[in-house]
Amino acid sequence: MRQDQQLNPFEKPSILFDLREAKKNRESEGVAFRLSIPKLQIFQGEKIALIGDSGSGKSTLLDMLALLSRPSSSTRFRFCPVMTAESNKSELVDIGMQWRKGRINYLTALRKQYIGYVMQTGGLLPYLNIKDNIGLSRNVLGLPDDGTVTELGRHLKIERHFNKFPNSLSIGERQRVAIARALAHKPAVVIADEPTASLDPYAAKTTMNLFISLVDEMGITLIIASHAWEHLKSFGFKSLKHQTQHLGDITESIVSG
Amino acid sequence: MLKISKLAAQDYFFEWQISSCFVLALAAVLGPILILFGLKFGIVGNMIDELVNDPRNRELRPINSGQYDQQWFDKLEARSDIEFVIPRTRIIAGSIQLKSKTSPRIQNVELIPTKSGDPLLSSIADIPSGFNRIILSKSAARKLAVKPGDVVDGSIARRYKGRNERVHIQLTIQAIAPATAFARDGAFSSLSLLEALENFLDGHGVPELEWAGSEVTEPGYYAGFRLFGRTIYDVLILKEWLNQQDVGVKTRAQDIETVQRLDRNLSAVYWAIAFIGAAGFSLSLGASMWANVDRKRRELSILRLVGFSTGEIIIFPMVQSIITAVFGWILAVILYNLTSVAINKMMALELAPGQQICHLLPIHFVVSLLFTCLAATIAACLSGFRAARIEPAEGLKER
């Protein structure tokens, strides 16, 4: 990874995301929406819960943090993933500048190495078997098979499905595969967009427990969008402040933390 | 690039039903193009082969009688574009009456000078020399009811010093010439025999055959020649060279030109059809790939999500397109082979042994594969760039 020499170091080296006055405007079917983030700091090792109604901009924020979606404007958008074992240095990247320069492939490379993403519906590739789906994030990085995939499969109780294809698994099992894929390359942060929303309450609780225990074990930062605040609170999650207001034709969602 | 290519291939074979449709669609366009080209190449190729292989097409015949000395013939012999040349005596002095024991008829035949290397007699190993051996044309042999080894009586007559004289010569039939060598009643003989007949008719004696007459005093001139170019392409050059020396000749240049024109016309028709077919295929594959990218929006977004670069995403549909091209080409070649075997079998009776009416060379298959892959790559380019433009966040919306 490239280090950006032009930036000053953070006051707190353990900050993972640092956003100031970041905005994302969206318009869908004539309805305008704005996500405003006056200030957001997420520290390494934190477990962040993003609680809110549907359409309140949770996914929009997660997409921005996952470097998938370009902010419309920001005065600061910095990303500082964990120290690498080889260099013992932290990456410090001005994401806002990278977006402005249009360096999509650089942002993709950052995401590939440091970010794991769990989608609401799994997002597995139908043509890969379960083992290859889990190993995809490692495969893209060219990491060798060190047993991580098997270990994750064992933890998430999907090892026996390794040779099957996603369409032969239940929704709950697929979500566990998606969780395993997001963790397989041991990223700095895992971003999960309502990972258990499509499961029944029992399966949702079991899967979430497995997910959180693995994240804790691996020391990975977790940012999760969910409706199950009561459940997450018990695991020590920090909730982001969230407020929605209507300004004429625009619905604005303000998130800070 | 290897990783994304592997994933593209895995996806392609996973969706084998849809992929098979792409392959069939390509084979349906490429197969008939190959068959069409095979026919065009086979038919024109056969015609050109016939032109090249039939020595009659390389013959230059003098229009009028002339006076050619041995020096002139030596000059011709030295040219590399001439395969065969032999002097010819006057036409009027070049016929003989033949009588066989097996036929009641006396047959007047035209004598044609020959020697070793005669292109019209390439199938006959032993060419006549001396005065007593001839090769009969098929037509003359049939009329005289003779076969190789038979002996016929040859005779010519002249009026000399107020008297009618006739001389006879025993001629052994050395071989029967193929029908294509000479269609009329004729006999191939050595030049010496023709010179002997001409001298006899001119009132001279031929001591070798004990024919009486005056002595030949003037240096010999020949009235004509038999001349064959080395290739059909040499015929026009030789014709021009002879015309420059005021020697008018007849050739089959018209036939050569007809075949060449036919080749050009058929090629134009073929290329028009091939272009329309290739354009149709490219458009159809391009449209399919475009729709495919739309269908795979989500999967491609997942690939972007896990870290594949823009360039790698462009490669994804290209790899699939090239796989379609290769399999479509293989199927088209199989289709072509089955059809060409059937066509060649149907036409076998009309063709010479070894000839094929529908025929392609290995290079044609290689070129068609390269063109197909190129067309497929170009068709996939647009969909590749479309795939690259998909914003991962947009593609993942259905989550």
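Using alpha carbons only, how many degrees (0 to 90, rounded to 10) separate the axis of helix B:310-346 from the longest principal axis of chain B?
On a 0 to 90 degree scale, this one is about 40.
Once you've got the Cα coordinates, tell me which of B:99/B:147; A:101/B:6; B:147/B:345; A:157/B:3; A:47/B:3; A:47/A:112 are over 24 Å apart. All intermediate terms of the calculation are to be shown ahead of the outcome.
Details: B:99/B:147 13 Å; A:101/B:6 31 Å; B:147/B:345 35 Å; A:157/B:3 28 Å; A:47/B:3 33 Å; A:47/A:112 21 Å.
Pairs exceeding 24 Å: A:101/B:6; B:147/B:345; A:157/B:3; A:47/B:3.
Pop the C-beta distance of residue B:279 and residue B:237 into the FRET formula with R0 = 60 Å and round what comes out to the nearest 0.05. Intermediate results must be reported in sequence, preceding the final value.
Working: r = 41 Å, r/R0 = 0.69.
The formula returns an efficiency of 0.90 here.
Label 7 Å along Cα→Cβ of residue B:374; the stretch B:275-299 residues with amide nitrogen under 15 Å?
Those under the cut-off are B:275-276, B:278-279, B:282.
So what is the relative contact order for the stretch A:15-256, in percent, with contacts set as C-alpha pairs under 8 Å and at least six apart? The partial results should precede the final answer.
On the way: 458 pairs, mean separation 68.2, N = 242.
Reported as a whole number, the value is 28 percent.
Within 10 Å of each Cβ in peptide A:117-128, how many partner chain Cβ atoms are there on average? Round it to a whole number, please. Could you put the intermediate results ahead of the total?
Working: counts 6, 1, 7, 3, 4, 2, 10, 2, 9, 6, 10, 4.
Partner-chain Cβ atoms within 10 Å, mean over residues of A:117-128: 5.
Can you grab the distance from the C-alpha centre of the stretch A:14-59 to the C-alpha centre of the stretch A:195-257, Å, no decimals?
13
FRET efficiency for residue B:364 and residue B:161, Cβ-Cβ distance as r, R0 = 51 Å, nearest 0.05?
Numbers: r = 72 Å, r/R0 = 1.42.
About 0.10, to the nearest 0.05.
About its Cα centre, how strong a charge dipole does the protein assembly as shown have in debye, to the nearest 20, once Lys and Arg get +1 and Asp and Glu get -1 at the Cβ? Don't skip to the end; give the middle numbers.
Details: 75 positive and 64 negative charges, 300 e Å.
So the dipole magnitude of the protein assembly as shown works out to roughly 1440 debye.
Can you classify the stretch B:58-251 as rounded, prolate or oblate using the Cα gyration tensor, where a ≥ b ≥ c are the square roots of its eigenvalues, rounded means a/c under 1.5, and otherwise it's prolate if a/b beats b/c and oblate if not? Display every interim value, and only then the final one.
Numbers: a/c = 2.14, a/b = 1.28, b/c = 1.67.
Cα axes put the stretch B:58-251 in the oblate bin.
Given labels modelled 7 Å from the Cα in the Cβ direction, how far is it in nm from residue B:295 to residue B:20?
Result for the modelled spin labels: 1.4 nm.
How long is the gain from residue B:77 to residue B:6 if the chain were fully straight, where each residue apart is worth 0.36 nm and the alpha carbon distance is subtracted? Intermediate values should be presented prior to the final figure.
Details: separation 71, 0.36 × 71 = 25.56 nm, distance 6.68 nm.
Stretched out fully, the residue B:77 to residue B:6 stretch lengthens by 18.9 nm.
Measure nothing but the geometry: give the 0 to 90° angle between the long axis through the Cα atoms of B:191-201 and the longest principal axis through the Cα atoms of chain B, rounded to 10°.
40
Counting only residues 5 or more places away or on other chains, whose amide H sits under 5 Å from the amide H of residue A:239 once H atoms are built in the peptide plane?
Close amide H contacts, sequence-distant or interchain: A:49.
Let me check against my output: what whole-number percent is the relative contact order of chain B, with C-alpha pairs under 8 Å and at least 6 apart?
Details: 632 pairs, mean separation 107.0, N = 399.
The normalised contact order for chain B reaches 27 percent.
What is the Cα coordinate range of the stretch A:99-171 on the first, second and third principal axes, sorted by size from largest, in whole angstrom?
45, 27, 20
R0 = 45 Å: FRET efficiency of residue B:103 with residue B:265, Cβ-based, nearest 0.05?
On the way: r = 49 Å, r/R0 = 1.09.
According to the calculation, E is roughly 0.35.
Please compute, for peptide A:62-71, the average count of beta-carbon atoms on other protein chains lying within 10 Å of each residue's beta-carbon. Don't jump to the answer; show the numbers that get you there.
Values: counts 1, 6, 1, 0, 4, 3, 9, 5, 2, 0.
The per-residue average across the peptide is 3.
To the nearest Å, what is the center-to-center distance of the stretch B:24-81 and the stretch B:264-328, using C-alpha atoms only?
Comparing the Cα centres of the stretch B:24-81 and the stretch B:264-328, I get a distance of 42 Å.
If contacts are Cα pairs under 8 angstrom and at least 6 residues apart, what is the relative contact order of the stretch A:43-183 in percent? Provide the component values of the computation, followed by the final result.
Details: 133 pairs, mean separation 29.6, N = 141.
Computed over the stretch A:43-183, the figure is 21 percent.
Given +1 on the Cβ of Lys and Arg, -1 on the Cβ of Asp and Glu, and no further charges, what dipole in debye does chain B carry about its Cα centre, rounded to the nearest 20?
On the way: 42 positive and 38 negative charges, 216 e Å.
Charge dipole, chain B, about its Cα centre: 1040 debye, nearest 20.
Summing Lys, Arg as +1 and Asp, Glu as -1, what charge do residues with Cβ under 13 Å from the Cβ of residue B:7 carry, residue B:7 excluded?
Values: positive: B:3, B:6, B:296, B:304; negative: A:132, B:11, B:15, B:299, B:312.
My count for the surroundings of residue B:7 gives -1.
Nearest 10 degrees is fine. How inclined is helix B:2-14 to the longest principal axis of chain B, computing both from alpha carbons?
Once rounded, the angle reads 90 degrees.
Go through the stretch A:70-81 residue by residue and turn each phi into a ³J(HN,Hα) via Karplus (6.51, -1.76, 1.60, θ = phi - 60°); whole Hz please, and just put x for glycine and proline.
Coupling constants for the stretch A:70-81: 7, x, 5, 7, 6, 8, 8, 8, 10, 10, 10, x Hz.
Of B:73, B:167, B:368, whose Cα points farthest to the positive end of the dipole of the protein assembly as shown (charges on the beta-carbon: +1 Lys, Arg; -1 Asp, Glu; origin at the Cα centre)?
B:368
Once the dipole of the protein assembly as shown is set up with Lys and Arg at +1 and Asp and Glu at -1 on Cβ about the Cα centre, which of B:337, B:283, A:235 lies farthest towards its positive end?
A:235
Under the rule of at least 5 residues apart or a separate chain, name every residue whose amide H is placed under 5 Å from the amide H of residue A:76.
A:20
Pull up all non-local amide H partners of residue A:192: gap of 5 or more, or a different chain, and H-to-H distance under 5 Å with H placed in the peptide plane.
Amide H to amide H, under 5 Å and 5 or more residues apart or across chains, residue A:192 pairs with A:118, A:223, A:224, A:225.
What's the ranking of A:238-246, B:105-113 by average number of surrounding C-beta atoms within 10 Å, highest first? If you can, show how the numbers build up before the last one.
Values: A:238-246: 13.7, B:105-113: 18.6.
Highest to lowest by the protection proxy: B:105-113, A:238-246.
Report, ordered by chain and residue number, the lysines lying within cross-link reach of residue B:250, taken as a straight Cα distance under 20 Å and ignoring same-chain residues fewer than 8 apart.
B:239
Taking all pairs of different Cα atoms in the protein assembly as shown, averaging 1/r and flipping that mean, what Kirkwood radius in angstroms comes out? Intermediate values should be presented prior to the final figure.
Values: mean 1/r = 0.0303 Å⁻¹.
In the protein assembly as shown this quantity evaluates to 33.0 Å.
Sorting B:324, B:310, B:217 on the 10 Å Cβ count, fewest up front, what's the list?
Values: B:324 28, B:310 16, B:217 6.
So the ranking, lowest neighbour count to highest, is B:217, B:310, B:324.
Rounded to the nearest 20 debye, what is the charge dipole size of the stretch B:58-251 about its Cα centre when +1 sits on each Lys and Arg Cβ and -1 on each Asp and Glu Cβ? Walk me through the intermediate numbers first.
Working: 25 positive and 23 negative charges, 193 e Å.
Value, rounded to 20: 920 debye.
I want the antiparallel fraction of DSSP beta bridges within the protein assembly as shown, as a percent rounded to 5.
The answer is about 65 percent antiparallel.
Starting from the eigenvalues of the Cα gyration tensor, five times each then square-rooted, give me the equivalent ellipsoid semi-axes of chain B, largest first, whole Å.
One finds semi-axes of 74, 21, 14 Å for chain B.
Is the C-alpha gyration tensor of the stretch B:160-248 telling us rounded, prolate or oblate? Criteria: a/c under 1.5 is rounded; beyond that, a/b larger than b/c is prolate, otherwise oblate.
Details: a/c = 3.08, a/b = 1.54, b/c = 2.00.
In terms of gyration-tensor shape, oblate.
Let me confirm one metric for peptide B:291-302, namely the mean number of other chain beta-carbon atoms within 10 Å of its residues' beta-carbons. Intermediate results must be reported in sequence, preceding the final value.
Numbers: counts 0, 0, 0, 0, 0, 0, 0, 5, 5, 0, 3, 9.
Counting other chains' Cβ atoms within 10 Å and averaging over B:291-302 gives 2.
Considering the dipole of chain A built from charges on the beta carbon (Lys and Arg +1, Asp and Glu -1) around the Cα centre, which of A:155, A:74, A:28 is farthest to its positive end?
My answer, from the dipole projection, is A:74.
The numbers here are math on the coordinates, done by the rules we state, and not lab data. Every value quoted in this text rests on a predicted model; they were computed, and no experiment measured them. Cβ sites come from the backbone with ideal geometry, for glycine too, and all protein chains shown count toward neighbours.
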